[in-house]
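Peer 1: Let me give you the structure first, and then I'll get to my questions.
The values are calculated or read from the model by the stated rules, or taken from the named source; none is laboratory data. Only a predicted model underlies this, so the values are computations on that prediction, with no experimental measurement involved. Methodologically, a virtual Cβ is constructed for each residue, glycine included, from the backbone with ideal geometry; neighbour enumeration extends over all protein chains shown. Remember, those area values only see protein heavy atoms, side chains included, never the ligands or the DNA or RNA. Shrake-Rupley method; radii C 1.70, N 1.55, O 1.52, S 1.80 Å.
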Amino acid sequence: MDLRIAVLPGDGIGVEVVDASMRVLDVVAGKFGHKVHAEFADVGWAAIDKHGTALPASTREICKRNSAILFGAVGLPDRDQTLPQKERPERVALLELRKGLYANLRHVLLPPGLASRCPLKMELIQRGIDIMIIRELTGGLYYGQPQGISGASPDRKAIDTLAYSESEISRILKVGFETARKRRKRLTSVDKANILATSQLWRELATAMGKQYPDVQLEHMYVDNASMQLLRRPSDFDVIVTENTFGDILSDEASMLAGSIGLVPSASLGEPGADGTSSVPFYEPIHGSAPDIAGQNKANPVATILTVAMMLNYTFGLSKEAAAIEKATFAVLNAGKILTGDLGGKSTCSEVTDAVIAGL
Ligand SMILES: NC(=O)c1ccc[n+]([C@@H]2O[C@H](COP(=O)([O-])OP(=O)(O)OC[C@H]3O[C@@H](n4cnc5c(N)ncnc54)[C@H](O)[C@@H]3O)[C@@H](O)[C@H]2O)c1
């Protein structure tokens, strides 16, 4: 198969971790008889310095004509401060490239060999942690209208609107059920149906859709309870599906359970052509550009390597190839000998990458 990918390393460690993951991808593609067509493009400060903007037209074009986008990270805090909020690279590049992508998936997996890196007590994580969090990304409080601050002090008023349509809720619930079906067949739908109208509609639609997925065990959970249960009994969660704001908070909370921000991959998915947009699936590690360790070969490449595995799975349907990457990566982590500094090791980004490739 031809794997056509737009590759946007961006700033800081984005460059190192994307390079590492592309090395892994090349080896897997070679082993399984695929051809990688990677088109590299500038984004973030790397693009501002060359083209005067964080997302040049040439980069948009490259993204549009490929089947997937592999993204490193953008932003450099010292330089970001010199720009107004809305012109900062993270805002400009991420908002634009993720437009129309309504499903954000984060895979939080604690390798058993790294259990001591998890902030929870051993007795709470004995059965392991492997959670796929699915956050709705294009609706809810972030986009609802009216929104803003009006009036004069001290009588100003602020308003945000939480709105969801049936179709927006149904399409993300479907991603939840389909994902659960391919995993351990448990779906936790998180809402606040005791208070919010949007959550009441959400719960009604989830219950109805559950009838089409008799093989998936559906449970409903209030968001306040979910934030507590994630820390009390994380092993019980398989797939979590929730709306934008709840997902923003819960996915950050859950990411901590993996042991390091350098281990968590993510995907943002939509339906190509839906809403008149041609949304290209967007894959990135959840971490930023980490300027404190950039350019020193210290970054943990695992999140980006696992991001490539997600890309093979979700965009190209290559589950065996994805599984091969995951197996080789977790073997390295579980062995506990070749680890980067964020995991208490002394190995470099290149050494971890070499070890994963050796395992392939
Ligand atoms: N999607 C994105 O592009 C994205 C996401 C988050 C932050 N950012 C940007 O990145 C810049 C730095 O942000 P930050 O410092 O808040 O977050 P960060 O994720 O870059 O770093 C937070 C801490 O985690 C460490 N870390 C992160 N990834 C690591 C890895 N792979 N291996 C080892 N250690 C790792 C860093 O060294 C740092 O100590 C900012 O400009 C921010 O706006 C971009």
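Peer 1: Using a 1.4 angstrom probe, figure out how much accessible area the chain has per residue, in square angstrom, rounded to the nearest whole.
Peer 2: Accessible area per residue: 45 Å².
Peer 1: Quick check: with the 1.4 Å probe, what order do Thr348, Thr82 take by accessible area, largest first?
Peer 2: Thr82, Thr348
Peer 1: Provide the net charge surrounding Ser235, with neighbours chosen by a C-beta distance below 9 Å and charges set as Lys +1, Arg +1, Asp -1, Glu -1.
Peer 2: Local net charge: 0.
Peer 1: For region 140-195, compute Rg over Rh where Rg is the Cα radius of gyration and Rh is the Kirkwood radius from the inverse mean 1/r over Cα pairs.
Peer 2: Expressed as Rg/Rh, it is 1.22.
Peer 1: For a 26 Å ceiling on Cα separation, which of these pairs sit above it: Lys121/Lys320; Lys35/Lys185; Lys50/Lys99; Lys35/Lys346; Lys211/Lys320; Lys50/Lys346?
Peer 2: Listed pairs above 26 Å: Lys121/Lys320; Lys35/Lys185; Lys35/Lys346; Lys211/Lys320; Lys50/Lys346.
Peer 1: Oh, and also: Which residue fluctuates the most in the chain, going by a Gaussian network model with Cα springs under 10 Å, if the choices are Leu110, Leu173, Leu205?
Peer 2: Leu205
Peer 1: If you don't mind, another one. Would you mind telling me the antiparallel percentage of the DSSP bridges in the chain, rounded to 5?
Peer 2: Here the share of antiparallel DSSP bridges comes out near 45 percent.
Peer 1: Now for a different question. Leaving ligands and nucleic acids out of the surface, order Arg171, Arg91 by accessible area at 1.4 Å, largest first.
Peer 2: My answer, sorted largest first, is Arg91, Arg171.
Peer 1: Also, quick follow-up: Starting from the alpha-carbon convex hull of region 119-258, give the projected area averaged over all orientations, in nm².
Peer 2: Value for region 119-258: 9.9 nm².
Peer 1: Shifting gears a bit: Give me the Å³ per residue figure for the convex hull around the C-alpha atoms of region 239-328.
Peer 2: 144 Å³
Peer 1: Compute the relative contact order of the chain as a whole-number percentage, counting only Cα pairs closer than 8 Å that sit 6 or more residues apart in sequence.
Peer 2: Computed over the chain, the figure is 23 percent.
Peer 1: Write down, largest first, the equivalent ellipsoid semi-axes of the chain in whole Å, where each equals the square root of 5 times an eigenvalue of the alpha-carbon gyration tensor.
Peer 2: So the equivalent ellipsoid measures 31, 27, 21 Å along its semi-axes.
Peer 1: Taking every DSSP beta bridge with both residues inside region 119-258, roughly what % is antiparallel (nearest 5)?
Peer 2: In region 119-258, DSSP labels about 20 percent of beta bridges as antiparallel.
Peer 1: Per DSSP H run of n ≥ 4, the term is -39500 (n - 2.57); total these for the chain, divide by its residue number, and report the mean residue ellipticity at 222 nm rounded to 500 deg cm²/dmol.
Peer 2: -11500 deg cm²/dmol
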